[in-house]
Amino acid sequence: MSSSSRSFRFQSLRWFSGMRSTSTHCTRLASSPSSLLTITSYPIELVGSCATLVAERILQGAPEILDRQTASLLHGTIILDCVNMDAKVGKATPKDSKYVEKLEALFPDLPQRKDIFDSLQKAKFDVSGLTTEQMLRKDQKTIYRQGTKVTISAIYMDLEAFLQRLDLLEDLSAFCHEHSYDALVAMTIFFNTQNEPVRQLAVFCPHSALRMTICGVLEQSTSPALRLTPIPSLFPDLQTYLQGNTQVSRKKLLPVLQEALSAYFDSRKMPPGQPEVVGMSREQADKELDRAGNSLMAGLSQDDEDPPLPPTPMNSLVDECPLDQGLPKLSAEAVFEKCSQISLSQSARVSPSKK
């Protein structure tokens, strides 16, 4: 097998590592004018590692391309993502276990699970020498709605140690400013002396109304229940928590953040008859919206919102990743509205010929 084909497969696996576990309805505009709209339906299913989906597609569609090197990449990634298939952590699904076992059956000389997990875990948690920006970009996902961007980063160290980094607040502000993020959520994770995972959250946002809304939704979330305990913070724009439910990863937190953005924009809608305020600064608007955010939190329920489309994750360190500059400034609502217009237009042209 040529080195170029191996390189292609390796780059493909790196690209897939930026994906996550679900598929949904996919809308695609075809190049042919006679077929402008094609709707392809895929089942939605939860897995602990996107490498499981890659392994499934390879074994079902092109098993002949699976060599030991590719199997080793898939095998190690699944084991790392699913925390060595530990049932107590709750990340591995039956499908993850199924394809780990399939790979091990096809390649019996693959490293032992514990050996490969310990090696990869050590490398993953090694943040020595990284700047604050590099730590934030190391494992990052971003959501975007109506001009507001919220990013969530995994930080592989104790939150207390992270907060003691030199010039942290300036680094967080510069990071958000450079990438046009309105809010930054950092989820720290480390393992205590009993080798049990510990998760903590930090919400950095200079805009008080948005910060209060995000924190309120996180604190009151029941699906999933985060069981947050506030930790005193020395920084006015930073709220920190101990996360009691360690099984809630960033992937499970993304829909909650989507709901927080929905709640924030709902709170900004002016009541009927209220005059629009012209020339108000964002800081002034935030102060006025604080009251609305407080009243909104009291009656907020996650079931009130339509389920959001699965967010597109982003691995910022993947070479030439098209998402390096952030998500496209195009909402799902706009896409579906445009597709509906095209579909209606096509129907209108076809109807006279059928009569």
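Throughout, read-outs are computed from the coordinates displayed, never taken from laboratory work. Since we're looking at a predicted model, the values are computed, not measured. Here the Cβ positions follow ideal geometry from the backbone for every residue, glycine too, while neighbour counts run over all protein chains shown.
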(Q) Let me make sure I get this right: for segment 74-217, a, b and c are the square roots of the gyration tensor eigenvalues over alpha carbons, sorted descending. Under 1.5 in a/c it's rounded, otherwise prolate if a/b > b/c, else oblate. Which is it? (A) prolate
Q. Which ³J(HN,Hα) values in Hz, rounded to whole numbers, follow from the phi angles of segment 137-150 under the Karplus curve 6.51 cos²θ - 1.76 cosθ + 1.60, where θ = phi - 60° and Gly and Pro get x?
A. 8, 4, 8, 9, 9, 9, 10, 9, 8, 6, x, 10, 10, 10
Q | Alpha carbon centroid spacing (whole Å) that separates segment 150-197 from segment 63-84 | A | 29
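For residue 170 and residue 229, what is the calculated FRET efficiency with R₀ set at 30 Å and r taken between the beta-carbons, to the nearest 0.05?
Rounded to the nearest 0.05, the efficiency is 0.65.
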Q) Considering only Cα-Cα distances, which of the following residue pairs are longer than 28 Å: 114/251; 98/149; 114/149; 88/149? A) 98/149; 114/149; 88/149
Q: Enumerate the calculated ³J(HN,Hα) couplings along segment 122-128 in order (Karplus 6.51 cos²θ - 1.76 cosθ + 1.60, θ = phi - 60°), each rounded to whole Hz, writing x wherever the residue is Gly or Pro.
A: 4, 5, 5, 8, 7, 10, 5
Q: Only residues of segment 191-211 count here: report those whose backbone N is under 19 Å from the spot 7 Å along Cα→Cβ of residue 114, or say none.
A: 191-197
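Grab the Cα-Cα distance for residue 193 and residue 125, subtract it from 0.36 nm times how many residues apart they are, and report the gain in nm with one decimal.
Values: separation 68, 0.36 × 68 = 24.48 nm, distance 1.52 nm.
This chain segment gains 23.0 nm when fully extended.
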Q: Provide the per-residue ³J(HN,Hα) series for segment 224-238, in order, calculated from phi with Karplus coefficients 6.51, -1.76, 1.60 and θ = phi - 60°, each as a whole number of Hz, with x at glycine and proline positions.
A: x, 7, 7, 6, 7, 10, x, 10, x, 10, 8, 9, x, 9, 10
Q. For residue 155, which sequence-distant residues (separation of 5 or more, or a different chain) have an amide H within less than 5 Å of its own amide H, given hydrogens modelled in the peptide plane?
A. 187, 188, 189
Q.
Going by amide H atoms built from the backbone, whose H comes under 5 Å of the H on residue 199, apart from near neighbours?
A. 243
Q) Any idea how far apart residue 222 and residue 158 come out in nm if each label point goes 7 Å out from Cα toward Cβ? A) 3.5
